[in-house]
Every structure is written in structure tokens, then in C-alpha cells.
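Trainee: Here it is, the structure in full.
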Amino acid sequence: MTEIDIFNDRYEHVGVDTKKQAHRQGLWHRTFSALALNPSRRRVLLQKKAPGRYSFDRPDYADITVGGHYHAGEDVEDGVREVHEELGLPVSYDQLHPIGLRQTAVTLAPDYIEREFQHWHLLPLDIDLEDIPLADAEVTGLVDLDVDDAVALAAGDTDTVPARFASRADTGLRHSDGTLSRAELVPNYLALDQLYLRLFVTARRYCTGERGHLFW
């Protein structure tokens with residue numbers, strides 16, 4: 001079972017425990033997260049996760065592209081292994097654009113309390129959706145959408161936007177065109193600190209050439 005570093009609410013290291021116990025007891029820990037984008041095409045990518053990964057019922061939401069827990073003893077830069085594991089892409093940490101630390105606390109179920117220091121990044125990928133292999137079986141697909149449409153969807157200016165999908169099938173990845181609805185976004189990321197909207201606006205600024213002070 002994976003062990004992770006445990007912290008107090010001031011981000012001071014206090015020990016090590018398992019990931020399961022950290023969520024069961026509501027212990028503070030670190031996670032790595034990244035929103036992938038194609039700057040030249042002004043597109044962002046979201047991830048579809050396989051069902052049954054949590055103790056609570058979670059619909060097939062379009063989640064942030066990459067995310068996972070740091071193992072005990074890992075440095076912040078080691079989190080890039082999540083990109084390798086989930087997308088199957090050989091990315092180094094210097095290709096990422098760090099955009100800040102999000103401290104969040106929310107109870108998702110009686111046995112799943114999320115108290116996290118989330119290290120957030122933009123992940124520029126100038127490749128086509130068809131060129132992403134999706135190495136992790138826990139990832140069932142990707143959703144590719146225009147960054148302006150993503151902002152409008154997160155802001156509530158529209159209920160659906162055009163999107164392109166990569167979906168895992170018995171014969172491999174299947175690519176198709178369709179629509180993504182606001183109802184398919186994680187509700188908690190639309191409320192509270194409006195995580196989706198902040199990330200999509202930051203990605204849009206990056207696409208226009210801004211590289212400095214993209215902290216949110």
C-alpha cells in the first residue's frame with residue numbers, strides 16, 4: 001500500500017502514513033495536478049476516470065487532465081511521473097509551468113476526507129489528441145475542447161460546448177466528435193473557489209503568450 005508524507009495545516013512535515021488512512025482520518029498531504037493544453041491550437045484536455053476508484057459514488061465526470069499523490073520522500077518535481085503513468089507521455093518537469101499551491105479541505109464521504117496541498121501546473125502539449133496513448137487503465141478517455149469554450153462552460157455562460165473525445169475501447173482508443181455539458185464537470189470544482197474557471201482562464205492567458213505571474 002502506497003505510503004505518503006503527512007503534514008500539519010502549516011505544511012510542516014509530521015510523519016508518514018498510507019494514502020487510505022490519510023483520507024480516512026483527514027490527514028494533510030501533498031498531491032500533483034496538471035491541466036494539459038495545446039497552446040498553438042488553444043485547446044485544453046480533461047480526463048475521464050474509470051468507475052469504482054473511490055468508496056463513494058462518483059459519476060463519469062470530465063476531471064483535470066493529470067492528478068495523483070506524491071509518494072513518501074518524493075520532491076515536488078517527482079510528481080511528473082503522474083504524466084507518464086496516466087497519459088503515457090515522456091515529459092520532464094522542466095516542460096511544465098507551475099502555477100501555484102492550492103490548500104483545500106472537503107469531506108467527500110464519511111471515509112474519504114480530502115485535506116490536500118495541491119501543487120498545480122500547466123502542461124503544454126503541442127500534439128494531437130490521437131497521439132496521446134493513455135497508458136493507465138484507470139483513465140478511460142480524454143476530452144479535448146477549445147479554451148474559450150472551456151471558460152464559457154465553467155463560467156456558466158453556456159450549458160454545452162463542442163468537444164472531441166478519445167475513449168478506451170476493446171480495439172484500442174476510439175476518437176469521436178460530440179459535446180461536453182456543464183453537468184459533466186465535477187460540481188465541487190465549479191463551486192467554492194471555482195477551480196475549473198481559474199484554471200481555464202490561466203490556460204487562456206498562457207495561450208496568448210503570457211508566461212509570468214500566472215499564479216492563481
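Trainee: Determine whether region 138-146 contains at least one residue that is of a type outside the set (Ser, Thr, Tyr), crowded, with 17+ Cβ neighbours inside 10 Å and either under 23 Å from Asn8 (Cα atoms) or out of contact with any strand residue (DSSP E or B) (no Cβ under 7 Å at 6 or more places or on another chain) (or both).
Mentor: No, region 138-146 contains no residue that is of a type outside the set (Ser, Thr, Tyr), crowded, with 17+ Cβ neighbours inside 10 Å and either under 23 Å from Asn8 (Cα atoms) or out of contact with any strand residue (DSSP E or B) (no Cβ under 7 Å at 6 or more places or on another chain) (or both).
Trainee: Kindly indicate whether any position in region 198-208 is modelled with pLDDT of 95 or more, of a type in the set (Val, Ile, Thr), touching a Lys or Arg at 6+ places or on another chain (Cβ under 8 Å) and not in a loop (DSSP other than H, G, I, E, B).
Mentor: no
Trainee: Counting just the residues of region 168-188 that are modelled with pLDDT under 95, closer than 16 Å to Leu45 by Cα and not charged (D, E, K, R), which one comes out farthest from the chain's Cα centre (by Cα)?
Mentor: Once the filter is applied, the top-ranked residue is Leu173.
Trainee: Does Val91 count as free of Cβ contacts under 8 Å to residues at least 40 places away in the same chain, under 17 Å from Ile64 (Cβ atoms) and crowded, with 16+ Cβ neighbours inside 10 Å?
Mentor: yes
Trainee: Also, quick follow-up: Looking at Arg81, Arg24, Arg102, Arg42, can you tell me which residue is among the charged types (D, E, K, R), in contact with a Cys (Cβ under 7 Å, 6 or more places away or on another chain), surrounded by fewer than 20 Cβ atoms within 10 Å (Cβ to Cβ) and at pLDDT 95 or above?
Mentor: Testing whether each residue is among the charged types (D, E, K, R), in contact with a Cys (Cβ under 7 Å, 6 or more places away or on another chain), surrounded by fewer than 20 Cβ atoms within 10 Å (Cβ to Cβ) and at pLDDT 95 or above leaves just Arg42.
Trainee: Does any residue in region 10-21 that is without any contact (Cβ under 8 Å) to a residue 60 or more places away in the chain come within less than 7 Å, Cβ to Cβ, of a residue that is among the charged types (D, E, K, R) and surrounded by 14 or more Cβ atoms within 10 Å (Cβ to Cβ) six or more places away or on a different chain, and which pairs are these?
Mentor: Between residues of region 10-21 that are without any contact (Cβ under 8 Å) to a residue 60 or more places away in the chain and residues that are among the charged types (D, E, K, R) and surrounded by 14 or more Cβ atoms within 10 Å (Cβ to Cβ), the close pairs are His13/Asp5; Val16/Glu3; Val16/Asp5; Asp17/Glu3; Thr18/Glu3.
Trainee: Return only the number of the condition from (1) crowded, with 17+ Cβ neighbours inside 10 Å; (2) acidic (Asp, Glu); (3) out of contact with any Gly (no Cβ under 9 Å at 6 or more places or on another chain) that Glu130 does not satisfy.
Mentor: (1)
Trainee: Test Leu89 against the stated conditions and say whether it is closer than 28 Å to Glu130 by Cβ and in contact with a helix residue (DSSP H, G or I) (Cβ under 7 Å, 6 or more places away or on another chain).
Mentor: yes
Trainee: Cβ-Cβ below 6 Å, separation at least six or inter-chain, first residue in region 136-156 and polar (S, T, N, Q), second surrounded by fewer than 22 Cβ atoms within 10 Å (Cβ to Cβ) and not in a loop (DSSP other than H, G, I, E, B): which pairs?
Mentor: Thr140/Lys48; Thr140/Arg168
Trainee: Could you identify the single residue in Val44, Val106, Val66 that is over 15 Å from the mean Cα position of the chain (by Cα) and of a type in the set (Val, Ile, Thr)?
Mentor: Val106
The values are calculated or read from the model by the stated rules, or taken from the named source; none is laboratory data. All of these numbers come straight from a predicted model, not from anything done at the bench. Heads up, the Cβs are rebuilt from the backbone with ideal geometry, glycines too, and the neighbour counts pull from every protein chain shown.
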